[in-house]
Amino acid sequence: EPEVTQTPSHQVTQMGQEVILRCVPISNHLYFYWYRQILGQKVEFLVSFYNNEISEKSEIFDDQFSVERPDGSNFTLKIRSTKLEDSAMYFCASNDLTGIGNTIYFGEGSWLTVV
Amino acid sequence: RKEVEQDPGPFNVPEGATVAFNCTYSNSASQSFFWYRQDCRKEPKLLMSVYSSGNEDGRFTAQLNRASQYISLLIRDSKLSDSATYLCVVPGGGFQKLVFGTGTRLLVSP
């Protein structure tokens, strides 16, 4: 079964450093997302991306965050200057809108620990 | 009212029991609803979609009450492997944005 893959699975970084989280969405999907989940809290929407541009973003997705699809397969989330409160699991997701309902497929996540 | 609200639990049940979770949502215009399952430190996985009054898949039944704006998930004949957190999810409008509840934790014991 096709799946969304994410790297790294876990990253530890120092406060103030830049981090890039990478995702390979399912190949025929057109819509891409990043969500995050702080430990013990709910999953929160960050951003959606379609046709090479951001289609929607949440209040969390401020100027320190950016997304990019540098080639035909990768979808990246960059956090420019990490803060302690950025420590969370970051999930990439994708869908094609032609699947069953609005099924969104999540990757296994990237754990980010900011120290 | 919060966008999506769930009882966090945990619900502790023995194997074979029937357990039900409720979820309330605030956006009366929502047309589709979802239950996701999340294991500890894993990604959410779609369990069921609900578009009309309800949906049944094996031991799992989801029901929707639009008038009262709540969705329920019923699990019959609980298995140990059902132990997980069950997330109520509602579209938040726009491009497929999903709004997640905090989840209800289920622990099934032998």
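The values are calculated or read from the model by the stated rules, or taken from the named source; none is laboratory data. Predicted model only: the values in this text are computed from it and were never measured. Virtual Cβ from ideal backbone geometry, glycine too; neighbours counted across all protein chains shown.
Check A:72, A:16 and return the single one that is more than 10 Å from the chain's Cα centre (by Cα), modelled with pLDDT under 90 and either assigned to a strand (DSSP E or B) or of a type outside the set (S, T, N, Q) (or both).
Just one listed residue meets the conditions, A:72.
Pick out the one residue from A:56, A:68, A:18 that is crowded, with 16+ Cβ neighbours inside 10 Å and among the charged types (D, E, K, R).
It is A:56.
With more than 14 Å from chain A (Cβ to nearest Cβ) and of a type in the set (S, T, N, Q) as the only criterion, which of B:61, B:85, B:102 stands out?
That would be B:61, the only listed residue that is more than 14 Å from chain A (Cβ to nearest Cβ) and of a type in the set (S, T, N, Q).
Looking only at segment A:23-38, how many residues end up being away from chain B (no Cβ under 14 Å) and touching a Leu at 6+ places or on another chain (Cβ under 8 Å)?
Final tally of qualifying residues: 0.
Looking only at residues that are within 14 Å of chain A (Cβ to nearest Cβ) and farther than 30 Å from residue A:39 by Cβ in segment B:15-56, which one is surrounded by the fewest Cβ atoms within 10 Å (Cβ to Cβ)?
Step by step, filter segment B:15-56, then rank; the result is B:52.
State whether the residues of segment A:86-101 include one that is on the phi > 0 side of the Ramachandran plot and part of a loop (DSSP other than H, G, I, E, B).
For segment A:86-101, residues on the phi > 0 side of the Ramachandran plot and part of a loop (DSSP other than H, G, I, E, B): present.
May I ask you to say which residue of B:37, B:1 is in contact with a Phe, Trp or Tyr (Cβ under 9 Å, 6 or more places away or on another chain) and not in a strand (DSSP E or B)?
Exactly one residue qualifies, and that residue is B:1.
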